[in-house]
């Protein structure tokens, strides 16, 4: 069995980076932290646009987002995530009001994108860890900035990193034939749209984008191109 060292290193780096941001963030004046947080949000806009224009069929991306938002609402996903966040808060004794938002935002940020898929497949197929280690470095600094503002919830994003990328790595040989270029492109573009929503929230829009409700869009971004391929 393949030991997913790449995802393990990535998850550890995320946990360490978030912990550093959490404890060192208090040493930085609030005005500076806010400015850095907003500037990172602006940088994230560029990253998100690059992802969104990653070659996915725009109609499938729009449908994925629409169906994802509908699915999230029907499943009452925001409420369920809030309940999960509240449970974790009670478990660790945190009183951070941004705990759940920090957890969801950071998890989406470090798990969505082509590097997560490509890096996992490269390692799983014995082609090295260059991509996943590059992603690890980016994630380390990203969660450090997020944790300095959103608090302890960001630390726990190491769990989805370990589970998601670890599963992709261990199952790479089996999943690779099914993850077509169309699925990867649609998933990356849809993820880019959601990351753009995160960026807007970080900048401080008057009406925040409810990202947690739209998370099922990532599932539809896999289903729709797979179904379309059966008829084309």
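Every number here is computed from the coordinates shown, using simple stated rules; none is lab data. Keep in mind the model is a prediction, meaning the values are calculated, not measured. As a convention, Cβ positions derive from the backbone with ideal geometry for all residues, glycine included, and neighbour counts pool all protein chains shown.
I need the semi-axes of the equivalent ellipsoid of region 120-232: take the C-alpha gyration tensor, multiply each eigenvalue by 5, square-root it, list largest first in whole angstrom.
27, 21, 11
Counting only helical runs of four or more DSSP H residues, what would the 222 nm mean residue ellipticity of the chain come to if each run contributes -39,500 (n - 2.57) and the total is spread over all its residues?
Helix-only estimate at 222 nm: -24000 deg cm²/dmol.
7 Å from Cα along Cα→Cβ at both residue 70 and residue 232: what's the point-to-point distance in nm?
Going by the 7 Å Cα→Cβ label model, 2.0 nm.
So between residue 36 and residue 173, what do we pick up on full extension, going 0.36 nm a residue minus the alpha carbon distance?
Additional length available on full extension: 45.2 nm.
For residue 12 and residue 163 in the same chain, what is the full-extension length gain: residue separation times 0.36 nm, less their Cα-Cα distance, in nm?
53.1 nm
For region 5-227, what does the relative contact order come out to in percent, with C-alpha contacts under 8 Å and a separation of six or more?
44
Please work out how much length the chain gains when fully extended from residue 19 to residue 98, using 0.36 nm per residue of separation minus the C-alpha to C-alpha distance, in nm with one decimal.
Once the chain is fully extended between residue 19 and residue 98, it gains 26.9 nm.
Can you match percent of Cα pairs over 30 Å apart to one of these, (i) 42; (ii) 28; (iii) 22, based on a calculation from the structure here?
The value computed from this structure is option (iii).
How high is the relative contact order of region 120-222? Use alpha-carbon pairs under 8 Å, at least six apart in sequence, and give a whole percent.
28 percent.
Spin-label point model (7 Å from Cα, Cβ direction): what's the residue 58 to residue 137 distance in nm?
For the pair residue 58/residue 137, the computed spacing is 3.4 nm.
For residue 28 paired with residue 125, estimate the spin-label separation in nm (one decimal), with each label point 7 Å from Cα along the Cα-to-Cβ line.
My value for the distance between the label points is 3.8 nm.
Kindly state, to the nearest 0.05, the FRET efficiency for residue 84 paired with residue 223, given R0 = 22 Å and r defined as their beta-carbon distance.
Rounded to the nearest 0.05, the efficiency is 0.35.
In Å³ and rounded to a whole number, note down the convex hull volume per residue for the Cα atoms of region 1-88.
205
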